[in-house]
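The structure under discussion appears below in the form of structure tokens.
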Amino acid sequence: MNTLQARIEAHIDTLSTFTATPGQGTTRLTYSQEDKLARNYIKEKMKQYGLEVREDGLGNIFGKLAGTLQDAPSVLIGSHFDSVPNGGSYDGPAGVVAGLEVAALFAEHNLKPTYPLELIALVEEEGSRFGGGLMGSRGITGLITDNEFKALRDQNGITTTEAMTEIGLNPSLPKKREPNTIKAYLELHIEQGPILEATQFPIGVVETIVGLTQFEITVEGQAGHAGTTPMDRRADALVTAAQMIAQLPSLAIAEGEGTVITTGRLTVFPNGANVIPKKTVFTVDIRSGKEEHIQHVINKLNMLIDSYSTNDIKITAVQQLYMQPKVMNPEIVSLFKQTSEQLAIEYCSINSGAGHDAMVFADVTAVGMLFIPSKNGLSHCPEEWSDSSDIARAVEILYETAKKLTETNGG
Ligand SMILES: [Zn+2]
């Protein structure tokens, strides 16, 4: 194992200790104590690698290597460092660690870029605490306003502002960043699927990120005694929800071309064994590489809602997230490919079925994304694993690409 790979493993191992569920995967919710510990580690490494560190009003972390050109836009490189509950050690951190090591290579070679190189570690990509997801990148690009940010609450009613203050962050700092301060955004991420492992490519160059939308559906009926209410006099919110959910897979299958639909969360009120459910809230997540498929499924979902609405059953849908499919920047894609060839690293083209911060940045800047294989295609679970030698390969590609994009000589 070379020193680069050893450092990568040390970062990943250390970050994985900052979990609320030791022994049961990584649980690192945004603005939690585990966030604070991971944040301190990342900031310390950034400083060690010669970067100027700051945080914004969302708690995103930036580590900047200044460029020689005055007021020049930065080449951003990084990913997120929050996790899902009981997730793995690589989803997010792999990209933050890769960014750290690209900065380390700049420092080792004493390189002075023309355009700044800026490492970025983003909060709340997963949406595990405040919902919706991609909060850090959406805040930076102005898709979330200050007021919308302040209104977000976690399951315990704690606001973003309260949670930030709790770990010593300053929510009154600026959140949005002007697009003209960003030259490009590069991200390494684990594939979270089986393709690279099956085809035995260590690197996937992402061409497109699928579009996605998420709805929260609320079904309201009438509570009643489970023993005394006759079957024909019930307005059971859970039975209606179950009947609807059972029909969702067919909506995606009818579209084809990799269109997928998922209900991942269901909450029943009052959730008592002897009470007819009064209210049921569930999520619907729809993804596809083609926007037309997403639109078709949304139309069919609305028709489904209409068909189950009655005088006794009220159904409402709130769209919580909508992201168009995003094509990666063709010049960065070809830079990645040329560099891989020069380094004799085998790669293939791949599409991303998961949403990433990169797709948010694609609206404001040139974006490029690399994938590395996920063991057994697993992610969002403690078994999630990627090979540090693949992360090291990605670092080499990102380093060469970042040098070109920042117009750096030498190294
Ligand atoms: Zn991720």
Name the residues in the stretch 44-71 that are crowded, with 18+ Cβ neighbours inside 10 Å, outside any strand (DSSP E or B) and basic (Lys, Arg), would you?
45
Can you tell me which of 231, 244 is in the same structural domain as residue 303 (by TED's automatic domain parsing), hydrophobic (A, V, I, L, M, F, W, C) and crowded, with 17+ Cβ neighbours inside 10 Å?
244
Looking at (1) in contact (Cβ under 8 Å) with a residue 40 or more places away in the chain; (2) farther than 25 Å from residue 145 by Cα; (3) among the charged types (D, E, K, R), find the lone condition where residue 55 falls short.
(2)
Anything in the stretch 61-87 that is over 13 Å from the mean Cα position of the chain (by Cα) and either without any contact (Cβ under 8 Å) to a residue 12 or more places away in the chain or closer than 29 Å to residue 21 by Cα (or both)? List them, or say none.
61, 62, 63, 70, 71, 77, 85, 86
Across the stretch 263-297, which residue is farthest from the chain's Cα centre (by Cα) among those that are among the basic types (Lys, Arg) and farther than 19 Å from residue 351 by Cβ?
278
Any residue in the stretch 248-267 that is touching a residue at least 24 places away in the same chain (Cβ under 8 Å) sitting within a Cβ distance under 7 Å of a residue that is among the basic types (Lys, Arg) and part of a helix (DSSP H, G or I)? List the pairs, counting only those 6 or more apart or interchain.
251/300
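Aliphatic (A, V, I, L, M), away from the ligand (no atom under 13 Å from the Cβ), in a helix (DSSP H, G or I) and without any contact (Cβ under 8 Å) to a residue 24 or more places away in the chain: which single residue out of 100, 37 fits that description?
37
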Out of the stretch 301-339, which residues are within 18 Å of residue 201 (Cα to Cα) and more than 25 Å from the chain's Cα centre (by Cα)?
338, 339
Say we look at the stretch 346-359 and pick out the residues that are crowded, with 17+ Cβ neighbours inside 10 Å and either at pLDDT 95 or above or farther than 10 Å from residue 371 by Cα (or both); which of these is farthest from the chain's Cα centre (by Cα)?
347
With away from the ligand (no atom under 16 Å from the Cβ) and β-branched (Val, Ile, Thr) as the only criterion, which of 364, 360 stands out?
364
In the list 306, 312, which residue meets the criterion of being outside the structural domain of residue 360 (by TED's automatic domain parsing) and free of Cβ contacts under 8 Å to residues at least 60 places away in the same chain?
306
Among (1) among the hydroxyl-bearing types (Ser, Thr, Tyr); (2) in contact with a Gly (Cβ under 8 Å, 6 or more places away or on another chain); (3) farther than 26 Å from residue 83 by Cβ, there is one condition residue 339 misses while meeting the rest; what is its number?
(2)
Return a yes/no flag: does the stretch 72-82 have any residue that is outside any loop (DSSP other than H, G, I, E, B), surrounded by fewer than 24 Cβ atoms within 10 Å (Cβ to Cβ), of a type in the set (Val, Ile, Thr) and away from the ligand (no atom under 16 Å from the Cβ).
no
Sort out which residues of the stretch 181-199 are more than 14 Å from the chain's Cα centre (by Cα) and within 14 Å of the ligand (Cβ to nearest atom), and write them in order of number.
193
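The values are calculated or read from the model by the stated rules, or taken from the named source; none is laboratory data. Note that this is a predicted model, so its numbers are computed, not measured. Cβ: placed from backbone, ideal geometry, glycine included. Neighbour counts: every protein chain shown.
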